[in-house]
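Some notes on the structure that comes next.
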Amino acid sequence: MVLVDKQYQFGGPGGSMLSLPDLFGGKDRLIIYHFMFEPDADSGCRGCAFVGEHIPDLSYLRSRNTGLAVVSRTPFAKLDTWKKKLGWTFPWYSSEGSDFN
């Protein structure tokens, strides 16, 4: 377990801003994958995209009281467009403007 004192904010669906505790989605544990996607890039890191292609349905993690959040520095709208284009369903948030990752 890692204590995080800083009050990070993450961009999410519909322009929402979420805190780090919000990303837990009511679960006791959270796995965060730092997906490298530079704000000025047209696409994300190829290695990270490979990982994204292999993120399974999250029901196994959820049944073990664990959440998953993918976080990138790119604006949420760009992430969401790319996510939909690739048919990904995992939760992906933006840390744009912060020093989170």
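The values are calculated or read from the model by the stated rules, or taken from the named source; none is laboratory data. Quick caveat, the model's predicted, so the values are computed rather than measured. Cβ coordinates were reconstructed from backbone atoms using ideal geometry, including for glycine residues, and neighbour counts include every protein chain displayed.
Structure values in brief
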{"read-out": "Index of the failed condition, Thr74 passing every other in (1) of a type outside the set (D, E, K, R); (2) in contact with a Pro (Cβ under 9 Å, 6 or more places away or on another chain); (3) surrounded by 18 or more Cβ atoms within 10 Å (Cβ to Cβ); (4) within 21 Å of Met1 (Cα to Cα)", "value": "(4)"}
{"read-out": "Sole exception among (1) in contact with a helix residue (DSSP H, G or I) (Cβ under 6 Å, 6 or more places away or on another chain); (2) at pLDDT below 95 for Met36, by number", "value": "(2)"}
{"read-out": "Qualifying residue in the stretch 85-100 (condition: surrounded by fewer than 18 Cβ atoms within 10 Å (Cβ to Cβ), in contact with a Ser or Thr (Cβ under 6 Å, 6 or more places away or on another chain) and not in a strand (DSSP E or B))", "value": "no"}
{"read-out": "Pick from the stretch 11-53, criterion of a type in the set (Asp, Glu) and closer than 18 Å to Thr66 by Cα, ranking: surrounded by the most Cβ atoms within 10 Å (Cβ to Cβ)", "value": "Asp22"}
{"read-out": "Count - residues of the stretch 1-57 that are out of contact with any Ser or Thr (no Cβ under 8 Å at 6 or more places or on another chain), of a type in the set (A, V, I, L, M, F, W, C) and touching a residue at least 24 places away in the same chain (Cβ under 8 Å)", "value": "5"}
{"read-out": "Single match in Lys78, Lys6, Lys85, Lys27 (criterion: in contact with a strand residue (DSSP E or B) (Cβ under 6 Å, 6 or more places away or on another chain) and basic (Lys, Arg))", "value": "Lys27"}
{"read-out": "Residues within the stretch 81-100 that are under 11 Å from the mean Cα position of the chain (by Cα) and touching a residue at least 60 places away in the same chain (Cβ under 8 Å), tallied", "value": "4"}
